[in-house]
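Engineer: What follows is a single structure, and I will ask about it in a moment.
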Amino acid sequence: IIIDPRNSHVYVAAQGPLWGPGGERGLFKSTDMGQTWDTLMTISENTGFTDIVMDPRDPDVLYAASYQRRRRVFTLINGGPESAIYKSEDAGKTWTKLTSGLPGGNVGRIGLAISPANPDYVYAIIEGTNGSGGVFRTVNRGASWKKMNSYVSQSPQYYNRLFCDPKDPDKIFSMDTYSQYSLDGGKTWKRLGLKDRHVDDHALWIDPDDSDHFIIGGDGGIYETFDHGSHW
């Protein structure tokens, strides 16, 4: 869920039902505080959307990630050719599929993050086949992408979420069983501290005035640090 700061319009990326086709699956927008919703994009009965981010300089610019998947009792069909990254420059009225430098073919869950420090920088963590996935970055608002590292989370269906540091465009965090962070735009990764804290992380809030202070949420509850994860 993201909210346009100018007018409180709400955007939702909806994955849809896990165990079956159809349902409320796609990109949706509300202009009346959620009372009614317009459908911005649907792809198929098997493909929803797993993430959407907004350019803070120009909230009409949006990036969204579609996700083709189906859960079965005996297996997880965790991807397909309909998973991709899209961009809109008109508040979701029209969308363009981004492909330059990104993996094609069967792709799984994609997580997106846009840098508040430099919104030309957009990051994607992509589950791909045969080593095609990893962490990707664009420095030109999605026109082209570069693979920074082959790292993906241990279980992308549960994780594959990125968060950007509010002041440093090269610093990003990845939610994971053991969450990671990078100081060089995703080229190398280090494990976040776990002292007195549970594993399995899913959400992160970073203090915009002090990036050593953040709150992390996961399977074990909510934890706060003031020293970049050395203590919680």
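The values are calculated or read from the model by the stated rules, or taken from the named source; none is laboratory data. Predicted model only: the values in this text are computed from it and were never measured. Positions of Cβ are backbone-derived with ideal geometry, glycine not excepted, and every protein chain shown enters the neighbour counts. When the accessible area is computed, the model is the full protein with side chains, heavy atoms only, and any ligands, DNA or RNA have been set aside. Shrake-Rupley method; radii C 1.70, N 1.55, O 1.52, S 1.80 Å.
Engineer: Checking Tyr223 against (1) open to solvent by 30 Å² or more (accessible area, probe 1.4 Å); (2) free of Cβ contacts under 8 Å to residues at least 24 places away in the same chain: exactly one of these is not met. Which one?
Structural biologist: So the condition that Tyr223 fails would be (2).
Engineer: Only one residue in Asp176, Asp168 is more than 17 Å from the chain's Cα centre (by Cα) and acidic (Asp, Glu). Which one? Give the steps one after another, and end with the answer.
Structural biologist: Numbers: Asp176 fails: more than 17 Å from the chain's Cα centre (by Cα).
Answer to the selection: Asp168.
Engineer: Report yes if Ser83 is at pLDDT 95 or above, closer than 30 Å to Ser211 by Cα, under 14 Å from the mean Cα position of the chain (by Cα) and polar (S, T, N, Q), otherwise no. Give the steps one after another, and end with the answer.
Structural biologist: Values: at pLDDT 95 or above: yes; closer than 30 Å to Ser211 by Cα: no; under 14 Å from the mean Cα position of the chain (by Cα): yes; polar (S, T, N, Q): yes.
Against the criterion (at pLDDT 95 or above, closer than 30 Å to Ser211 by Cα, under 14 Å from the mean Cα position of the chain (by Cα) and polar (S, T, N, Q)), Ser83 does not qualify.
Engineer: Something else now. Does Arg197 satisfy being more than 20 Å from the chain's Cα centre (by Cα), over 22 Å from Ala117 (Cβ atoms) and not polar (S, T, N, Q)?
Structural biologist: Numbers: more than 20 Å from the chain's Cα centre (by Cα): yes; over 22 Å from Ala117 (Cβ atoms): yes; not polar (S, T, N, Q): yes.
Yes: the conditions hold for Arg197.
Engineer: Tell me, which residue of region 184-210 that is surrounded by 15 or more Cβ atoms within 10 Å (Cβ to Cβ) and touching an Asp or Glu at 6+ places or on another chain (Cβ under 7 Å) is nearest to His228 (Cα to Cα)?
Structural biologist: Ile206
Engineer: In region 42-58, how many are within 12 Å of Glu82 (Cβ to Cβ) and outside any strand (DSSP E or B)?
Structural biologist: 4
Engineer: Residue check, Trp232 against (1) of a type in the set (A, V, I, L, M, F, W, C); (2) closer than 26 Å to Gln15 by Cβ; (3) in contact with a Lys or Arg (Cβ under 8 Å, 6 or more places away or on another chain), all met but one. Which one?
Structural biologist: Going through the list (1) of a type in the set (A, V, I, L, M, F, W, C); (2) closer than 26 Å to Gln15 by Cβ; (3) in contact with a Lys or Arg (Cβ under 8 Å, 6 or more places away or on another chain), Trp232 breaks only (2).
Engineer: Would you be able to tell me the number of residues in region 43-61 that are without any contact (Cβ under 8 Å) to a residue 60 or more places away in the chain and crowded, with 18+ Cβ neighbours inside 10 Å?
Structural biologist: Counting residues in region 43-61 that are without any contact (Cβ under 8 Å) to a residue 60 or more places away in the chain and crowded, with 18+ Cβ neighbours inside 10 Å gives 4.
Engineer: Inside region 1-27, can you point out the residues that are closer than 20 Å to Arg161 by Cβ and of a type outside the set (Val, Ile, Thr)? Talk me through it step by step, then tell me what you get.
Structural biologist: If we filter region 1-27 for residues that are closer than 20 Å to Arg161 by Cβ, which is where we start, we get 1-3, 10-16, 18, 25-27.
Tyr11, Ala13, Ala14, Gln15, Gly16, Leu18, Arg25, Gly26, Leu27 - these are the residues of region 1-27 that are closer than 20 Å to Arg161 by Cβ and of a type outside the set (Val, Ile, Thr).
Engineer: A follow-up question, please. For region 79-183, which strands (runs of 3 or more DSSP E) that fit wholly inside it have 1 or more residues that are open to solvent by less than 40 Å² (accessible area, probe 1.4 Å) and β-branched (Val, Ile, Thr)?
Structural biologist: Working: elements: 85-88, 96-98, 107-114, 122-128, 134-138, 146-149, 162-164, 172-174, 180-182.
In region 79-183, 85-88, 107-114, 122-128, 134-138, 172-174 are the strands (runs of 3 or more DSSP E) which contain 1 or more residues that are open to solvent by less than 40 Å² (accessible area, probe 1.4 Å) and β-branched (Val, Ile, Thr).
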